[in-house]
Amino acid sequence: MADTVLYEVSDGLATITLNRPQAMNALNNETKAALRDAAQAAAADDAVRAVLLTAAGDRAFCVGQDLKEHVGGLLEARESGSDEGVMSTVREHYNPIVRALAGAAKPVVAAVNGVAAGAGFGFALAADYRIVADTASFNTSFAGVALTADSGISWTLPRVVGPGRAADLLLFPRSIGAQEAYDLGIANRIVPAAELAAEAVKVARGLAEGPTLAYAALKESLGYALSHSLEEALEKEDELQTRAGASQDHTIAVQAFINKEKPKYLGS
């Protein structure tokens, strides 16, 4: 894996770190490919029970596409008479990254340490839980460079803030501070910047030690209910609860409750 993205698995927790702090963790081709590979590896590894997506430095989580590299590609494409190749990054990189993060059968935590803009905002929204430094900010950015939404943000943002606010934030890009992000539901928790790394690891590790199959079922249930009727959601809940009830972790949890002990989950 490239040095621009660090990947580590320890005791069931996969940590993916964007590592271009000198470029505010902007997404050049190397970084996008490495992030895609890391996200897919974490999602596919049964030994991984939770994922922490974080970033190096204190200025930015990720400012989205590396525009310096992008403009070079645009100029080359114009000379060749086709811009299909330079815009294929959505299909080749962004979509697989979002699918891996949002579709992982395990909880994904994003630790947002600074600016999250464009695709960086989209990747944060693809996580299940966002812990945000009090110095962090969010910006859709796309319309500001004459582009439309990508990185799943047309799907995730309206589900988090509502269609009206999503349209406002996309049509009129602006910087959203940590407190406003919390008020809108974008941030789940705000912590002092100096405490972000430790708090994010604490939360993610706690999830890695939890009932993984139940978490996966919760993710599936929430996603399903957003686009189905109440009756269909009830049927899905029955299906998923039957599956969760048959897990080892459910038996462990009930026994621990009866014995007034802390459960030690197996993730199965």
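The figures follow:
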quantity: Candidate set from region 88-121 (those that are polar (S, T, N, Q) and assigned to a helix (DSSP H, G or I)); member that is farthest from Asp66 (Cα to Cα); calculated: Asn95
quantity: Filter pass, Ala55 being farther than 26 Å from Gly206 by Cβ, buried (at least 18 other Cβ atoms within 10 Å of the Cβ) and not aromatic (Phe, Trp, Tyr); calculated: no
quantity: Total residues in region 4-44, condition within 20 Å of Val112 (Cα to Cα) and of a type in the set (Asp, Glu); calculated: 1
quantity: Residue satisfying condition, being under 13 Å from Asn113 (Cβ atoms) and either of a type in the set (Val, Ile, Thr) or in the same structural domain as Ile97 (by TED's automatic domain parsing) (or both), within set Ile176, Ile190; calculated: Ile190
quantity: Selection within region 127-178 - in a helix (DSSP H, G or I) and of a type in the set (Gly, Ala, Ser); calculated: Ala143, Gly144, Ser154, Gly164, Ala166, Ala167, Ala178
quantity: Residue ID - farthest from Arg174 (Cα to Cα), chosen from residues in region 104-147 that are modelled with pLDDT of 95 or more and among the β-branched types (Val, Ile, Thr); calculated: Val108
quantity: Every residue from region 200-243 that is exposed (fewer than 14 other Cβ atoms within 10 Å of the Cβ) and in contact with a strand residue (DSSP E or B) (Cβ under 9 Å, 6 or more places away or on another chain); calculated: Gly206
quantity: Residues satisfying the stated conditions in region 225-262, i.e. touching a residue at least 40 places away in the same chain (Cβ under 8 Å) and in a loop (DSSP other than H, G, I, E, B); calculated: Leu226
quantity: Unique residue being assigned by TED's automatic domain parsing to the domain that holds Trp155, at pLDDT 95 or above and in contact with a Cys (Cβ under 7 Å, 6 or more places away or on another chain) when the list is Leu101, Leu53, Leu27, Leu35; calculated: Leu27
quantity: Filter result for Ala187 (part of a loop (DSSP other than H, G, I, E, B) and in contact with a strand residue (DSSP E or B) (Cβ under 9 Å, 6 or more places away or on another chain)); calculated: yes
quantity: Hits in region 9-34 (condition: closer than 17 Å to Gly57 by Cα and outside any loop (DSSP other than H, G, I, E, B)); calculated: Thr15, Ile16, Thr17, Leu18, Pro21, Gln22, Ala23, Leu27, Thr31
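The values are calculated or read from the model by the stated rules, or taken from the named source; none is laboratory data. As the structure is a computational prediction, the values presented were derived from the model and not from experiment. So basically every Cβ, Gly included, is an ideal-geometry build from the backbone, and we count neighbours across all protein chains shown.
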